[in-house]
Structure formats: C-alpha cells, structure tokens
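The values are calculated or read from the model by the stated rules, or taken from the named source; none is laboratory data. Here the structure is a predicted model, which is why all the values come from computation and not from measurement. All Cβ positions, glycine included, derive from the backbone under ideal geometry; neighbour counts span all protein chains shown.
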Amino acid sequence: MSEKKSVIETIKENYDQMFAAEKKVADFILQNPEKAVNANVSELANFSQVSDATIIRMCKHIGYQGYYQMRIFLSHDLGRKQADTGDMSQEEATGTLKDLFSRIAGNVLGLLDHLNIENLQACADLINHCNIVHLVAVGNTSPLIMDLGFRLGRSGIHATYNTISEYFFNHINLAKEDDIVIAVSHSGTSKQVVQAMELAKEKKLKIIAITGAEYSPVSKLADYLLLSKENKPLFEDYGKNSHLNEMAVIDALLYYVSNGNFHTDADIDAPEVMLAEYKL
C-alpha cells in the first residue's frame, strides 16, 4: 500500500482480489465515503450487511493494520478534498461564538432523544445496591472514570479505577457476583474495554455502558446502555471527539445515584475535612 494513494484508490486497485463479502464493504465505502468515515466498525458492518470481522479482514487484505487506521486515512482524504474545493468561507466554517455554544448545548439536549429516566434509575439502583463498582476506560476517556470513581467514593460507594488496563482486568477477574462494571467508550470499539466487558460477562457481572455508538461491540455487551451520541458532532476529524456528552451522562447518572443513596457512613466526609486546610 502506497502512503501517497488515497483509501478510495487503494480499494479500487485491490477490488478484484477481494472476497465476495469484502466487496460488499468496498462497494459501500466507494459509494458512501462520508457516511463510512463517520461509522464505527459495527455500524459499517450493519450498512454493508456483513460481520465486524469481515470489515477488519478487508482492511488488512488491502494493506491497512485494521479498520481504525483505514478510517483515519479516509478521514484525512475527505478533509483534504474539502479543503481543496474552497467552497466554505472562514466565517462559515467557524460561525459566531453564540452559534458554537448553541451547537454544544444542542448536543447535550439531544441526549433526551437517547436516554430515559427509567433506564437511568435502574442503573442508579444497580450502583447503590452493588458491592463494588469496577470502572473501565482507555485512552483519552480514562480521565472520565478517574473522576467518576472519586465521586462515587465521595458518595460512599466503593469503586476500582485505573488508567492501566492490566489493573482493571485484575480487578474484574477477582470480582464477586454482586459487583458491577461501568464501561465508558466514546467509539464503542476500544479493544481493551471490550475485553474487560467479556471478562465481566464470564464472571456474571452486570455491565453499564456509556458510549456514543449505539451499534458497537461495547453496546452489544452491555446489560444497560446509556447512549451519549452527539446529534451534530462538533469535531468531524477522527480522534478529536468531544467527551462532553459522556460527562453529561455521568452527571445525570450520579444525580440519580445521589437521590437513592442510602450510604450514610459518618466518616464519609473525613477526606474532605482533612483537605480543608488546603482551601481558602
């Protein structure tokens, strides 16, 4: 695979050597490149009427490391194409500050299309009555579970959380049946998150997933799905995703956890008291 060639060119050059199922994927990408670049592996599989494994196999067959890498290159190709056309003015591209924040607020309000009180309440009840909550995330989503774990602890709920996958694998492996797992993944395709959820399934643990992808490996494994999908993504470039919707879902979940929280340990504020001397 030549790095100078676009994804579309690479697919066309290798088309005749593809298997029949792989050609279904290739056909969809060639006909719908913009739609394909915004789809995760499960969504593209659904569009193409093939399996997730076929998507990955096709990408490797034509010289990419996997779907993730091909999607990045396709995103770059489409970005360069848009930049070359010069159809959009700088003012149209950036908009006003009011327009920008209206779009951000609209994405958060759009969560109402994907969430309901009953599901949030069920997740909150599960958290309030479990033994330990094991939190899972990787990459730039990891800070979200670190914050969530701390805040659960301040509510008197025991939680394990770490940015290193080996740590949360170990915590889940040692978990009891009355423990639960909360997995956070914007894309829904992070391999280590999926592996942790598969291990949790083997241990018969209930799983809550917070993800922006309704059709993804993460959403398929979840017992309770809290969808953080953006109706109008602020960043189109792959890898620059906003996590504001995930943060909003976490806040909503914690709100219901707090309302139903029966953890009234008198020592729960001890850490805050200890740290009081460091605040004015």
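Odds and ends about this structure:
- Being surrounded by 20 or more Cβ atoms within 10 Å (Cβ to Cβ) and modelled with pLDDT of 95 or more is a condition met by at least one residue of the range 228-241.
- Scanning the range 119-146 for residues that are farther than 16 Å from Ser185 by Cβ and either surrounded by fewer than 14 Cβ atoms within 10 Å (Cβ to Cβ) or of a type in the set (A, V, I, L, M) (or both) yields a total of 10.
- Against the criterion of being modelled with pLDDT under 95, more than 16 Å from the chain's Cα centre (by Cα) and assigned by TED's automatic domain parsing to the domain that holds Ala122, Glu177 qualifies.
Residue by residue, here is whether (1) over 29 Å from Ile210 (Cβ atoms); (2) at pLDDT 90 or above; (3) of a type outside the set (Gly, Ala, Ser) holds:
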{"site": "Lys5", "(1), (2), (3)": "yes, no, yes"}
{"site": "Ile8", "(1), (2), (3)": "yes, yes, yes"}
{"site": "Asn14", "(1), (2), (3)": "yes, yes, yes"}
{"site": "Ala26", "(1), (2), (3)": "yes, yes, no"}
{"site": "Ser51", "(1), (2), (3)": "no, yes, no"}
{"site": "Gln65", "(1), (2), (3)": "no, yes, yes"}
{"site": "Gly79", "(1), (2), (3)": "no, no, no"}
{"site": "Ala83", "(1), (2), (3)": "yes, no, no"}
{"site": "Leu112", "(1), (2), (3)": "no, yes, yes"}
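- Taken over the range 169-189, residues that are under 24 Å from Ser242 (Cβ atoms) and surrounded by 24 or more Cβ atoms within 10 Å (Cβ to Cβ) amount to 6.
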